[in-house]
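*Asks:* The structure's right below; bear with me while I get my questions together.
We did not get these values from a lab; they are worked out from the coordinates using the rules stated. Please read these numbers as outputs of a predicted model, since none were measured by experiment. A quick note on method: Cβ atoms are made from the backbone with ideal geometry, for glycine too, and the neighbour counts reach across all protein chains shown.
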């Protein structure tokens with residue numbers, strides 16, 4: 001029975017994915033491109049070379065965190081659309097820590113200080129929506145989404161203002177961080193974040209399926225009324241889990257500036273927060289599937305750049321494919337709802 | 001209005017079979033529905049009643065077998081086809097839009113919408129008059145009790161021109177007097193040549209209103225017989241098979257008239273308790289009650305008369321505005337955590353909606369609320385051995401045979417089985433007081449009997465039981481005392497031997513002249 005349900009769910013997923021790819025093919029045809037060539041070029045540019053693959057992994061790192069930032073609250077029945085904002089605040093906090101501790105800070109202090117500050121920033125940005133939700137005053141879907149736009153402006157405010165590097169007069173950006181804050185790389189641009197991301201996935205799985213809190217999260221998410229009647233702490237769990245999600249998104253932001261950029265600039269995120277949302281929903285908020293779906297989305301996102309070069313398509317074209325994937329998710333949820 | 005002559009064969013199925021995966025929900029079902037007939041389809045939970053009706057209505061497609069309407073084979077591809085062939089389903093709830101008026105709900109449902117408002121209003125009033133439904137087409141559905149909403153559903157189906165009306169467990173949401181009113185409507189419909197198909201698992205109702213009875217067991221027709229030839233005992237043995245043939249509906253009777261040892265401190269006491277409804281009107285007013293150790297205190301009330309607040313008040317889900325609640329003689333600050341800690345358990349009105357976590361396993365559902373001891377090291381390491389043992393023990397008390405797998409997800413269990421899992425859970429904490437709402441509602445015969453025996457066994461060991469029910473037979477046989485609630489006030493507490501179901505029934509409906517015992 002269970003196996004049967006899993007099999008048919010898998011078939012449904014595969015069918016819907018194929019549908020999305022087919023629709024995108026039609027779109028490519030209307031703009032005079034051969035869909036097979038396009039898909040081929042997309043795959044070649046990402047999976048066809050060691051460099052391409054490493055770029056996919058670089059893209060995947062923040063996505064693992066931002067997807068978890070959506071998945072944990074989702075297990076509780078909460079919709080966290082605020083990954084993008086939490087990521088920005090995390091980066092801002094981490095940058096502030098790095099700039100205030102100074103360039104001479106040693107690695108044993110700088111790395112954890114940056115990471116903790118980043119997580120704190122993300123959690124802080126999630127706290128207000130979490131509190132309002134736990135009081136029953138405001139739906140977290142709306143509040144987290146709207147705060148994304150505020151977060152971008154907050155980062156701008158500091159990068160154009162107090163944190164701006166006076167030495168780079170034409171470019172709004174902070175000073176470069178000291179070497180003690182920079183995340184070590186494995187090869188090329190692939191950095192220690194991938195290990196942290198995989199660790200976070202594993203810890204999330206352990207938390208959800210082995211620990212008492214995971215049980216409580218799944219119980220509340222499954223039926224808040226029954227959980228409340230049996231004494232489970234709804235408000236405290238809501239705040240804790242949404243803030244934990246924020247902290248993970250904050251860590252994604254920290255990784256981007258500490259491993260890739262080396263300093264904080266406005267608009268440093270390539271929609272990592274939103275793509276994480278897409279991944280988590282594609283993956284049904286399951287940690288292991290987040291790895292699979294995260295890889296898929298990272299391939300598409302990375303390949304988008306090559307489409308511009310190889311096929312003369314705007315790199316935003318792949319956003320259409322992403323949107324189609326989101327529809328796939330919605331269709332699947334609707335199908336299950338019957 | 002249908003002009004079918006009495007006895008005309010309206011609908012027939014031959015060898016109707018529906019297979020879901022490994023489950024044969026219906027297996028070669030032959031059914032003959034005649035005009036001017038109330039045809040009861042009787043079966044235990046999971047016997048395949050609903051599957052059969054959904055095929056007749058066009059919601060499911062048969063795996064094999066045929067359906068004939070008026071002698072011609074038909075293929076019912078969707079409910080729309082079902083309606084086109086004059087087959088209508090009267091739903092229980094959830095198909096009406098609460099924010100709309102009665103006539104608007106009906107207008108939405110009709111396939112063709114040639115009617116302007118006045119015409120439709122007139123037709124609703126006409127049908128309502130003809131069948132003595134007493135329905136106001138301009139009423140807001142939100143404000144109607146379930147019994148009246150059901151009448152809206154009936155009018156809806158009648159206006160589509162249906163000749164066969166299918167009622168799926170229509171009395172499960174009704175108070176006793178509403179159910180009686182429904183059977184009167186059945187009589188009206190029969191008199192006008194409609195066929196009524198009535199699905200239920202309640203023997204008394206079948207014998208009260210049916211002309212013909214088809215008993216389903218494990219997806220097959222066990223027997224189809226005229227109501228005149230049916231007896232309660234005969235139907236019961238058809239329902240549950242040979243093994244359970246010894247009068248499964250018999251309610252275990254309490255030792256009649258036992259007097260409680262005086263001086264025992266009540267395990268649960270309401271001391272002049274008042275509360276308000278969601279919109280600020282009085283919910284309960286100055287209610288006094290006391291449940292003693294080992295006592296079964298019944299609460300007889302028609303739904304919506306304040307009994308729904310009893311459990312919520314003890315769980316702290318609704319504030320006590322006046323008075324106080326005492327547990328074991330001590331004042332108590334109500335909250336879910338405090339209630340659990342002090343040994344109060346509750347089986348709520350809607351046990352599946354308010355008690356079960358659908359996506360969790362039976363095992364995980366069994367520990368809800370008392371789950372902390374099953375993790376070591378501060379919550380990080382699950383103690384699987386203890387959990388397994390505790391879950392098994394809880395289940396074996398509630399299921400004499402064939403308990404569900406501990407791994408099964410709650411959402412995959414049948415309603416009756418899940419209900420029993422939840423009863424097992426609440427009792428596994430050995431509560432000092434159990435607040436039980438409609439313990440056997442929706443349970444089939446064998447499950448209902450098991451549930452009653454289980455709570456009585458715990459009462460015999462000293463648990464106080466607050467037993468809220470609308471079933472007077474059940475209240476009179478199970479309870480030591482019965483409290484009658486009407487409009488949020490106590491109308492007296494009676495010993496069953498000192499009063500009669502008729503008197504209690506009158507008090508429940510607010511009649512003042514009933515003799516107080």
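*Asks:* How many angstrom separate the Cα center of the range A:195-215 from the Cα center of the range B:304-335?
*Replies:* So the two Cα centres are separated by 39 Å.
*Asks:* Now for a separate question. Please report, in whole Å³, the volume per residue of the convex hull around the C-alpha atoms of the range A:1-140.
*Replies:* For the range A:1-140, the hull spanned by Cα atoms encloses 222 Å³ per residue.
*Asks:* Please give the FRET efficiency for residue A:54 paired with residue A:25, using the beta carbon to beta carbon distance and R0 = 22 Å, rounded to the nearest 0.05.
*Replies:* The formula returns an efficiency of 0.20 here.
*Asks:* For labels at residue A:127 and residue B:341 in the simple 7 Å Cα→Cβ model, what's the distance in nm?
*Replies:* 2.8
*Asks:* 222 nm [θ] for chain A, helices only, -39500 (n - 2.57) per DSSP H run of 4+, per residue, to 500?
*Replies:* Calculated mean residue ellipticity at 222 nm is -25000 deg cm²/dmol.
*Asks:* Sort all Cα-Cα distances of chain B into consecutive 10 angstrom bins from zero, then give the percent of pairs in each bin up to the one containing the longest distance.
*Replies:* 4, 17, 26, 26, 18, 8, 1, 0
*Asks:* Could you please rank B:10, A:147, B:100, A:251, placing first whichever residue has the fewest other Cβ atoms within 10 Å of its Cβ?
*Replies:* Fewest to most other Cβ atoms nearby, the residues stand as B:100, A:147, B:10, A:251.
*Asks:* Another question, then. Per residue of B:365-372, count partner chain C-beta atoms within 10 Å of its C-beta, then hand back the mean as an integer.
*Replies:* Averaged over the peptide's residues, the number is 5.
*Asks:* Any idea what angle helix B:146-159 forms with the longest principal axis of chain B, computed on alpha-carbon atoms, 0 to 90 degrees, nearest 10?
*Replies:* 10
*Asks:* If you don't mind, another one. Can you pull the one-decimal nm distance between simple spin-label points at residue A:149 and residue B:19, each 7 Å off the Cα toward Cβ?
*Replies:* Between residue A:149 and residue B:19, the label points sit 5.7 nm apart.
*Asks:* May I ask for the Kirkwood hydrodynamic radius of the range B:94-221, worked out over all distinct Cα pairs and given in angstroms to one decimal?
*Replies:* Every distinct Cα pair counted, the radius reaches 15.5 Å.
*Asks:* Relative contact order for chain B using alpha-carbon pairs under 8 Å, separation at least 6, rounded to a whole percent?
*Replies:* With pairs under 8 Å counted, the relative contact order is 15 percent.
*Asks:* Give or take rounding to whole Å, what are the principal axis extents of the alpha carbon atoms in the range A:178-303, in descending order?
*Replies:* Sorted from largest, the Cα extents of the range A:178-303 read 52, 31, 27 Å.
*Asks:* Between the range A:218-263 and the range A:76-144, how far is it from one alpha carbon centroid to the other, in angstrom?
*Replies:* So the separation of the two Cα centres works out to 11 Å.
*Asks:* Could you give the semi-axes, largest first, of the ellipsoid that matches the range B:457-497, computed as the square roots of 5 times the alpha carbon gyration tensor eigenvalues and rounded to whole Å?
*Replies:* Value: 20, 12, 10 Å, ordered largest first.
*Asks:* Continuing with the same structure: Taking 0.36 nm per residue of sequence separation and subtracting the Cα-Cα distance, how much length would be gained by fully extending the chain between residue B:75 and residue B:125, in nm to one decimal?
*Replies:* Answer, rounded to one decimal: 14.6 nm.
*Asks:* Using alpha carbons only, how many degrees (0 to 90, rounded to 10) separate the axis of helix B:117-130 from the longest principal axis of chain B?
*Replies:* The angle comes out at about 80 degrees.
*Asks:* Would you mind checking the tilt of helix B:176-191 against the longest principal axis of the Cα atoms of chain B, expressed as 0 to 90 degrees and rounded to 10?
*Replies:* Value to nearest ten degrees: 10.
*Asks:* Okay, helix-only estimate at 222 nm for chain B: each DSSP H run of n ≥ 4 adds -39500 (n - 2.57), divide by all residues, round to 500 deg cm²/dmol; what do you get?
*Replies:* So the calculated ellipticity at 222 nm is -9500 deg cm²/dmol.
*Asks:* If you count the DSSP beta bridges with both ends in the protein assembly as shown, what percent of them are antiparallel, to the nearest 5?
*Replies:* Bridges in the protein assembly as shown that DSSP calls antiparallel: roughly 55 percent.
*Asks:* Tell me, what is a quarter of the convex hull surface for the C-alpha atoms of the protein assembly as shown, in nm² with one decimal?
*Replies:* 43.1
*Asks:* Separate question: Mind telling me which of A:313, A:87, A:321 comes out most flexible in a GNM of chain A, alpha-carbon contacts under 10 Å?
*Replies:* A:313
*Asks:* Any idea what the alpha-carbon Rg over 2.2 N^0.38 Å comes to for the range A:64-291?
*Replies:* Relative to the rule-of-thumb radius for its length, the range A:64-291 sits at 1.02.
*Asks:* What list do you get for A:131, B:235 if you sort them by fewest beta carbons within 10 Å?
*Replies:* A:131, B:235
*Asks:* Run the quick spin-label model on residue B:389 and residue B:430: label points 7 Å from Cα toward the beta carbon, then report their separation in nm to one decimal.
*Replies:* For the pair residue B:389/residue B:430, the computed spacing is 1.5 nm.
*Asks:* Now for a separate question. Can you compute the FRET efficiency between residue B:495 and residue B:63 using 1/(1 + (r/R0)^6), with r the Cβ-Cβ distance and R0 = 45 Å? Round to the nearest 0.05.
*Replies:* The computed FRET efficiency comes out at 0.25.
*Asks:* Would you list B:426, B:118, B:104, B:388 from fewest to most Cβ contacts within 10 Å?
*Replies:* B:118, B:388, B:104, B:426
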